[in-house]
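Right, one structure below, let's go through it.
The values are calculated or read from the model by the stated rules, or taken from the named source; none is laboratory data. Because the structure is predicted, anything quoted here is derived from the model rather than measured. For neighbour counting, all protein chains shown are included, and Cβ atoms are generated from backbone atoms with ideal geometry for every residue, glycine included. Heads up: the accessible areas ignore ligands, DNA and RNA and are worked out on the full protein's heavy atoms, side chains in. Shrake-Rupley method; radii C 1.70, N 1.55, O 1.52, S 1.80 Å.
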Amino acid sequence: MVVYLTGLVSLLLAALSLGPSFAHVFPPRLFVWAPELWREATVFNGQFALFAKVGAPLDVTTILAACFLSYLLANERPAFWFALAGAILFAGALAAWFTLVAPANAILATWKPGPIPPDFEAIRLRWETGHMAVAALKVLAFGSISIALLAPRLGSGT
């Protein structure tokens, strides 16, 4: 029962973590929104600050839950390997965020109302594509954890 509850919690956390990241995959933010709209929604209305307050604890908790699930599945192969891969992929997504998105966030935090900064396009591209990379890793992680929970049943024929 502990494995099932941990699996459920892991999947719920993974889905909650993936949701906001996946929102960056849709092209309108990058290709359709005017610079003024993007800057207003993203920077001045505190979108990235809110994501930090909710997203960071959620991402760390997701990694911990996936690690615990891996531990519980240590004697069940291949489920263990898929759970471990999910944990590693979620950790990789967080590392990608720190590597790709956080530097752009630091620049966004300096922007003031007024003219669009000359480096706007480069910063927006880095911020959005960084989030897309994070989302891709989280999709793979979610799938891996899902397979881990299905794997014990794969050999049973049911």
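Note on Met1 and Arg77: with the Förster distance fixed at 22 Å, the Cβ-Cβ geometry gives a FRET efficiency of about 0.55.
When the chain is fully extended, how far beyond the present Cα-Cα distance does Phe68 get from Val32, taking 0.36 nm per residue of separation?
8.8 nm
Solvent exposure of region 52-158 amounts to 52 Å² per residue of accessible area, where only protein heavy atoms count and the probe is 1.4 Å. In the set (i) 150; (ii) 103; (iii) 115, which value of volume of the Cα convex hull per residue in Å³ was calculated from the structure you see? The value matching this structure is (ii). Here the contact order of the chain, divided by its residue count and restricted to Cα pairs under 8 Å and six or more residues apart, works out to 36 percent. In the chain, the longest principal axis of the Cα atoms and the axis of helix 2-22 are about 20 degrees apart. Taking 0.36 nm per residue of separation and subtracting the current Cα-Cα distance, fully stretching the chain between Val25 and Ala102 would add 25.9 nm. Surface composition of the chain: carbon plus sulfur atoms contribute 77% of the solvent-accessible area (1.4 Å probe, protein chains only, all chains present).
The slack between Val54 and Ala136, meaning 0.36 nm per residue of separation minus the straight C-alpha distance, is 27.6 nm.
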